[in-house]
Amino acid sequence: MPTTQLSSTLHSADAEVLVIHCSDHRFQAGFYEFLNRHLSLEENYDLLVLPGGPQCLTLVEYMPKFSWAGWKWFRFLVDAHDLKRLILIQHQDCGWYKELPFHLHSSTDPRKRQEEDLRRARAALAKERPELMLELYYAGWDAGQHITIDTVSG
Ligand SMILES: [Zn+2]
């Protein structure tokens, strides 16, 4: 089998950050740029990429097996790598949310539903891992189709 040698080299420094974001291909370059250029993570973070991203940490009642898996992966990475900081990113026009029943959220507005889930995840994480630094973001795009990232607070 032929071997392909890349210019990338193995990161040997310990990671301190876990990032959870959606699989949607339209945002991958934007997520990468935001994490590495704007947050200066220099590719030194663990990454969980799955449909709906951080929503997997809020599915306890609706899809308990998905929630179980999300928390299992989260706990594994945080414990195995002694991570200190968690970054959760939701994004505009997320296809995963189009499949979710509306009764799960207090609003039918897509962005409000996603921000509600980020706050639910924040509340759950405050009990489960209060020592973790948590950052919440929402990605979208502007009129020129440039990716934009808003900080989600509250
Ligand atoms: Zn998505």
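Only a single item in (1) closer than 19 Å to LEU50 by Cβ; (2) of a type in the set (Val, Ile, Thr); (3) not in a helix (DSSP H, G or I) is not met by VAL78, and it is number (3).
Collect the residues in the range 127-140 that are over 13 Å from the mean Cα position of the chain (by Cα) and among the small types (Gly, Ala, Ser), keeping them in residue-number order. Correct list: GLY140 only. Residues of the range 141-153 that are more than 14 Å from the chain's Cα centre (by Cα) and either hydrophobic (A, V, I, L, M, F, W, C) or closer than 18 Å to GLN55 by Cβ (or both): TRP141, ALA143, ILE147. Restricting attention to the range 49-73 and to residues that are out of contact with any Phe, Trp or Tyr (no Cβ under 6 Å at 6 or more places or on another chain), within 16 Å of the ligand (Cβ to nearest atom) and aliphatic (A, V, I, L, M), the residue that is modelled with the highest pLDDT turns out to be VAL49.
Remark: pairs (first residue in the range 135-154, at positive phi; second residue outside any strand (DSSP E or B); Cβ separation under 8 Å; 6+ apart in sequence or on different chains) = GLY154/ARG119.
Pairing residues of the range 5-30 that are under 17 Å from PRO54 (Cα atoms) and in contact (Cβ under 8 Å) with a residue 24 or more places away in the chain with residues that are among the polar types (S, T, N, Q) and away from the ligand (no atom under 16 Å from the Cβ), at Cβ distances under 6 Å and at least 6 apart in sequence or on separate chains, gives no pairs at all.
The values are calculated or read from the model by the stated rules, or taken from the named source; none is laboratory data. Remember, predicted model here, so these are calculated numbers, not experimental data. Note: ideal-geometry Cβ built from the backbone for every residue, glycine included; neighbour counts use all protein chains shown.
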